[in-house]
Amino acid sequence: MYSEEAKLLGKNQIHTVGELSLFTEKLSEEFKVLACERAKYRNRLRRMRDSEAMQPVKDEISRLSLRMADLRRRMKLCEDIAERSGVIEQIVNAIEMPDKQMQTSRKHIKEKPEEEKKR
């Protein structure tokens, strides 16, 4: 799973959350276009009576469905990456918070002796 996500990020040169968001939106738009196109073919298929003429339409529907499945898979990977990056950000913030508090307390400790020396 992680390797699939890494491949997706590397292949599409995605380095930031913003780039990931734009990529996901692009996939979503492409998915909508394909879904609309597939619906048109399905409607056309309903009106057809000749089984020989139906086959190319069925093939096109299958091709579109396969492409949509790939887009769905990639959108799911993007969703997982975005979710995990949010979790990682929370963990990093949780780790950094005590460090910042410790640095602040160290500053106060260093400042107190200097104030006492002045008295």
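Just so you know, all these numbers are worked out from the coordinates, no wet-lab data involved. All figures in this text were calculated on a predicted structure; none of them were measured in a lab. For neighbour counting, all protein chains shown are included, and Cβ atoms are generated from backbone atoms with ideal geometry for every residue, glycine included.
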| message | On a full-extension model of 0.36 nm per residue, what is the gain between ASP80 and ALA94, subtracting their alpha-carbon distance, rounded to one decimal in nm? | response | 2.9 nm
| Nitroxide proxy distance, nm - points 7 Å out along Cα→Cβ at ARG73 and VAL87 | 2.2
| message | With a cap of 14 neighbouring Cβ atoms within 10 Å, and only residues DSSP puts in a loop, list the trypsin sites (Lys or Arg not before Pro) found in the range 1-62. | response | ARG49
| task | Count charges around LEU9 for me, please; just the other residues with Cβ under 15 Å from its Cβ, Lys/Arg as +1, Asp/Glu as -1. | result | +1
